[in-house]
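Below is one structure, written out as structure tokens; the observations come after it.
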Amino acid sequence: MNLKKWKKAGRALINNSKMSLPILIGVLLLIGLLNTAIPKDFFSKIFIGSKLFDPLIGALFGSIAAGNPLTSYIIGGELLNNGVSFIAVLAFILSWVTVGIVQLPAESLMLGKSFALVRNGLSFIMSILISLLTIVTLGILQ
């Protein structure tokens, strides 16, 4: 590869980074705000005890309250301690890590809107399906 192509690629990288940086900073700030603004005991109050609706509720809130896996394990443990069903906690953790409603603008910009929507939609559905299959496989229906 010649030097001219390297310079062109470098300029494209810098231009893309300049365009993406404000959005990425906004996403990070929004995630921090959501994680701080929503108290951890809030989640234990929203589950209704239904084997059908709790995974859906868990996946919905996990999708919105994006974060890193370590934080989700801590919140998941607290949810279990507060009587939330294991299936709801599984759906919550899976969607917390795989679905990112908050990161959707940045992901759409970087990877394309249709890809971001399809990936997030499939991840949401799969988080519910995997949590159901895990409970069935382990034989611990509650």
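Miscellaneous remarks
- Percentage relative contact order, the chain, counting C-alpha pairs under 8 Å, at least six apart: 25
- Global dimensions of the chain from alpha-carbon coordinates: Rg and Dmax equal 18.7, 64 Å.
- Taken about its Cα centre, the chain carries a charge dipole of about 1040 debye when Lys and Arg each add +1 at the Cβ and Asp and Glu each add -1 at the Cβ.
- Selection among Val102, Ala37, Phe61 by position relative to the dipole of region 3-138 gives Val102 as farthest towards the positive end (Cβ unit charges, Cα centre).
- Simple spin-label estimate for Phe53 and Thr134 in nanometres, 7 Å along Cα-Cβ: 2.3
Read-outs: derived from the displayed coordinates by stated rules, not from any lab. None of these values were measured; they are calculated from a predicted model. Glycine gets a Cβ as well: all are built from the backbone with ideal geometry, and neighbour counts include every protein chain shown.
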